[in-house]
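The values are calculated or read from the model by the stated rules, or taken from the named source; none is laboratory data. Quantities reported herein were computed from a predicted structural model and do not represent experimental measurements. Heads up, the Cβs are rebuilt from the backbone with ideal geometry, glycines too, and the neighbour counts pull from every protein chain shown. For accessibility, only protein heavy atoms count, side chains too; no ligands or nucleic acids. Shrake-Rupley method; radii C 1.70, N 1.55, O 1.52, S 1.80 Å.
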Amino acid sequence: IEVVSYNGLTAEYANAISAEYLIRGLRNASDFDYEKTISQLNNIVGKGLETVFFIARPNMNHISSTIVREIIKGKGDASPFLPEELDI
């Protein structure tokens, strides 16, 4: 697994690096409905790009990146909602 930053469409970037799969997280049914549509479009634009979904743990399903960003902007402690830093 490699974490990178890019510009443009995810499916186009995936094509450029010959990726075959995207990993996405789901918290609830609303996330699934939204992500399902995106995955179908990515499959077309990404020429067969498949999306694999992981369901959030029950104790984390209320956390969103928007909420975490707001905590950080407000100078709060977001560490309970972030993974520990990895040494790679």
Virtual spin-label span in nm between Ile55 and Tyr21, 7 Å along Cα→Cβ: 1.9 nm
Principal axis box of segment 43-88, alpha-carbon based, largest edge first, Å: 42, 28, 23
Within the accessible area of segment 13-61 (1.4 Å probe), percent carbon and sulfur: 57 percent
Within straight-line cross-link reach of Lys47, lysines at Cα separation under 23 Å, skipping those fewer than 8 residues along the same chain: Lys36
Heavy-atom accessible area per residue - the chain, 1.4 Å, Å²: 84 Å²
Helix axis angle, 29-45 relative to the chain longest principal axis, alpha carbon, degrees: 30 degrees
10 Å-binned pair-distance histogram of the chain (Cα, whole percent): 14, 36, 38, 12, 0
Residues Asp33 and Val3, FRET efficiency given R0 of 25 Å [Cβ-Cβ distance, rounded to 0.05]: 0.40
For the chain, calculated [θ]222 nm from helices alone, where every DSSP H run of n ≥ 4 adds -39500 (n - 2.57): -11500 deg cm²/dmol
Selected from Asn15, Asn28, Asn59 as most flexible by GNM, with the chain as the system and alpha-carbon contacts under 10 Å: Asn59
Amide proton proximity set for Leu26, modelled H, under 5 Å, gap of 5+: Phe54, Ile55, Ala56
